[in-house]
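Shown next, in structure tokens, is the structure this report addresses.
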Amino acid sequence: IDFELKDAGSFKTYDIQSNRHRSPLWGKKVTTSGIVTALSNVQWFPRGIDLIIQDPNGDGRDDTSDALHVHLDGDVTDIEIGDMIQVSGTVWERMTLEESQNMSKTVIRNVTSTKVLSKGNELPEPVIIGFDGRQIPDQVLSTYKGNLNFKTYLTLTDGIDFWESLEGMRVMVKNPRVTGFLGGHENLA
């Protein structure tokens, strides 16, 4: 099945992510750029490299993620964290391992070109969540009835939508407090 409907042009990462669960550019060929904030070898088929790119400035909106997942099919050795890169490929929605939940992650795949624009860039500032930052919803998982992939906007007071708005972005928690099971070491001070 060929989902590559047409070449849609150049877009910022946050325009590809949009303010919804499924990208309005799904299935389209696009070109985008961002600073590499994470990268890892893929252990599952078809192998390759997974990386996250984030727009260095963002769009200033809380309801759109400024970051995007990119899957490269080959072993790329010249890309490093902090590189500003430009990629062209197809916007795809990758299902999570728990496919029964029907949640997806927006990914650029079938990459046709990758270009390193500059090296050694500072990483985008992390978004502060929780204390002194964006408040994490703790009352409602979702108020939407139906398939979230078809919801046309994010409701940031809903837990699922809140985390979608941060998909792939760098985040920081100030003064985190870990509570819960210590893994058998409960008697440690």
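The values are calculated or read from the model by the stated rules, or taken from the named source; none is laboratory data. Being a predicted model, the structure only gives us computed values, none of them experimental. Counting neighbours? That spans all protein chains shown, and the Cβs are built from the backbone with ideal geometry, glycine included. Calculation scope for accessible area: heavy atoms of the full protein, side chains included, ligands and nucleic acids excluded. Shrake-Rupley method; radii C 1.70, N 1.55, O 1.52, S 1.80 Å.
Return yes when Thr77 is farther than 25 Å from Asp161 by Cβ and open to solvent by 40 Å² or more (accessible area, probe 1.4 Å) and no when it is not. When the stated conditions are applied, Thr77 passes them. Looking only at the stretch 121-134, residues that are open to solvent by 70 Å² or more (accessible area, probe 1.4 Å) and modelled with pLDDT of 95 or more come to 2 in all. Scanning the stretch 6-62 for residues that are among the aliphatic types (A, V, I, L, M) and buried (at least 19 other Cβ atoms within 10 Å of the Cβ) returns Ile16, Leu25, Val30, Ile35, Val36, Ile49, Leu51, Ile52, Ile53. Within the stretch 69-84, the residues that satisfy the criterion of being in a loop (DSSP other than H, G, I, E, B) and among the β-branched types (Val, Ile, Thr) are Val76, Thr77, Ile79, Ile81. For the stretch 150-168, taking the residues that are touching a residue at least 12 places away in the same chain (Cβ under 8 Å) and open to solvent by 60 Å² or more (accessible area, probe 1.4 Å), the one that is nearest to Asn19 (Cα to Cα) is identified as Tyr153.
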